[in-house]
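Participant: Dropping a structure here in structure tokens format, bear with me for questions.
Derivation of every value follows stated rules applied to the coordinates shown; laboratory data play no part. Please read these numbers as outputs of a predicted model, since none were measured by experiment. Neighbour counts are summed over all protein chains in view; Cβ atoms, including those assigned to glycine, are modelled from backbone coordinates with ideal geometry.
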Amino acid sequence: MRVLLVGSGGREHALGWKLASSPRVDDLISLPGNPGLSRLGAVVDGISVTDVGAIAAMARVQSVDLVVVGPEAPLAAGVVDAMATLGIPVFGPTRAAARLESSKTFAKEVMTRAGVATAASESFHDPDTARDYLSRRDGPFVVKADGLAAGKGVLVTENRDEATRWSERWLAEGPVVVEDFLDGPEVSVFAVCTDAGAVPLAPARDYKRLHDGDEGPNTGGMGSYSPVADLPAGLTDDAMREVVEPILRQMDEEGSPFRGFLYVGLVLTSEGSKVLEFNVRLGDPETQAVLPRITSDLVDLLEGTAPEWSTDAAVNVVLAAEGYPESPVKGASIRGLDTVPDDVLVFHAGTRSEGKKLLVDGGRVLNVVGLGSSVDEARAKTYEAIQALNFPGMQFRTDIAAQS
């Protein structure tokens, strides 16, 4: 089987690593890929991940047997629709189904119609009405860009003026959603949705703030771990029954069947679990902690077969560039990769090669993933390996999985 993987981040490197280990996969092609993925197979540069026509044409020319789409942008652009038109098997939701992530307003409306518990919200298209609404509410204020924002389109603040300024900034690009604050620990639940039904993956917990203690600005994610010990009994089954299955039924009824990875961000409130958001792909950085725990074939999973799990735990810590998330500084030389032990995985996210040098080329640069018989053991391996890695301005949190 020849597989085309679309994407270039840490999630995609983890997906490629798992796909390449499948006895069913003969060739892995990554578009555009990254230096880590280039060690697993061919990479195709020069085509944008949102140029769906060019991607589909390339897949046809290369006689691709399966396309796996990692990030949200090509899904929202309709790459799955383009593949389907050419009869090329593809895993991921159509453009219409991808609105569960590409439009917060649409997702809220679908949850309401499906009877799924989530925070009360209002959508706004102009600054005056948003400003008036915020002036009549008490904090914490939660303001979200309606569309895709690469993990940076959410503000949670006690400061009304900050919330107002932030909403005005994003309203220049599209609608915003203001919703009630959900108080409680968060957890990420994933479902693999195929024609055969929905299969759950192990939950993970991620860390969105830049600094220790959940301080600093929101990011795309600074680390994650799995399994998560402090969850209510039966949480995954409950999420499948009360969230995933109703959403899939609702999408079927609305003529936009959902097939692909469905990420459910849950907040465990005092009133029970409520949906914070949907993503229509695997989470990043959670993927890097979940996939290494799967012992079965990923291709089988994409066809609807339930996964088999290792008893090991995994802890992923993100190494970010200087200036991230506002203005990442690129070009720094990365050192120490050759000293990382074999039992620690390193997934590339924002890197590029220049001759024999590996350079910083994005905000989140590397994912360091330790495996162990417990979360504590995996965590210790991760942070020990990080001590040998360095590049100027390197940022990382020191408290990932510390409260497990």
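Participant: Work out the charge dipole of the chain with +1 on the Cβ of Lys and Arg and -1 on the Cβ of Asp and Glu about the Cα centre, then indicate which of P140, P23, S103 is farthest towards its positive end.
Facilitator: In the chain, that residue is P23.
Participant: Under 22 Å Cα-Cα from K18, which lysines qualify once same-chain neighbours fewer than 8 residues away are excluded?
Facilitator: Here the lysines satisfying the reach criterion relative to K18 are K381.
Participant: Going by Cα centres, the stretch 15-36 and the stretch 39-85 are how many Å apart?
Facilitator: 14 Å
Participant: According to the Kirkwood expression over distinct Cα-Cα pairs, how big is the hydrodynamic radius of the stretch 2-92, in Å?
Facilitator: Averaging 1/r across every pair of different Cα atoms and inverting gives 12.6 Å.
Participant: Still on this structure: Please list the non-local residues whose amide H lies under 5 Å from the amide H of A349, H modeled 1.01 Å from N, same-chain partners needing a gap of 5 or more.
Facilitator: Here the answer is L366, N367, since their amide H atoms fall under 5 Å of that of A349.
Participant: Please report, in whole Å, how far the alpha carbons of the stretch 120-179 spread along each principal axis, starting with the longest.
Facilitator: Extents along the principal axes, in whole Å: 28, 21, 20.
Participant: Right, next: Distance between the C-alpha centers of the stretch 159-215 and the stretch 312-354? Whole Å please.
Facilitator: 24 Å
Participant: If the cut-off is 21 Å between C-alpha atoms, which lysines fall inside it for K357, apart from same-chain ones fewer than 8 positions away?
Facilitator: Straight-line reach from K357, under 21 Å: K330.
Participant: Next question. Taking K and R as +1 and D and E as -1, what net charge do the other residues with C-beta under 11 Å from the C-beta of R259 add up to?
Facilitator: Around R259, the surrounding residues sum to -2.
Participant: Over the stretch 326-404, what is the relative contact order in percent, taking alpha-carbon pairs closer than 8 angstrom and at least six residues apart?
Facilitator: 32 percent
Participant: Taking mean projected area of the Cα convex hull in nm² as the quantity of interest, determine which of [x] 21.6; [y] 27.9; [z] 18.7 was computed from the displayed structure.
Facilitator: The listed entry that was calculated here is [z].
Participant: With an 8 Å cut-off on Cα pairs and a minimum separation of 6 or more residues, tell me the relative contact order of the stretch 2-92 in percent.
Facilitator: It rounds to 30 percent for the stretch 2-92.
Participant: By the scheme Lys and Arg +1, Asp and Glu -1, what is the net charge of all other residues having a beta-carbon under 10 Å from that of A77?
Facilitator: -2
Participant: What residue among M58, N279, S373 has its Cα farthest toward the positive end of the dipole of the chain, where the charges are +1 on Lys, Arg and -1 on Asp, Glu, each on the Cβ?
Facilitator: M58
Participant: What chymotrypsin sites (Phe, Trp or Tyr not before Pro) in the stretch 179-247 are in a loop by DSSP, with at most 16 other Cβ atoms within 10 Å of the Cβ?
Facilitator: F181
Participant: While we're here: What relative contact order, as a whole-number percentage, does the chain give when Cα pairs under 8 Å and 6 or more residues apart are counted?
Facilitator: Computed over the chain, the figure is 16 percent.
Participant: Go through K208/K274; K144/K208; K208/K356; K104/K208 and tell me which ones have a Cα-Cα distance over 26 Å in this structure.
Facilitator: In this structure, K208/K356 lie more than 26 Å apart at Cα.
Participant: To the nearest 20 debye, what charge dipole does the stretch 182-244 have about its Cα centre, counting +1 at the Cβ of each Lys and Arg and -1 at the Cβ of each Asp and Glu?
Facilitator: That gives the stretch 182-244 a dipole magnitude of about 160 debye.
Participant: I would also like to ask the following. Pop out the ³J(HN,Hα) list for the stretch 322-332 in order, Karplus 6.51 cos²θ - 1.76 cosθ + 1.60 with θ = phi - 60°, rounded to Hz; leave Gly and Pro as x.
Facilitator: 4, x, 5, x, 5, 9, x, 8, 9, x, 5
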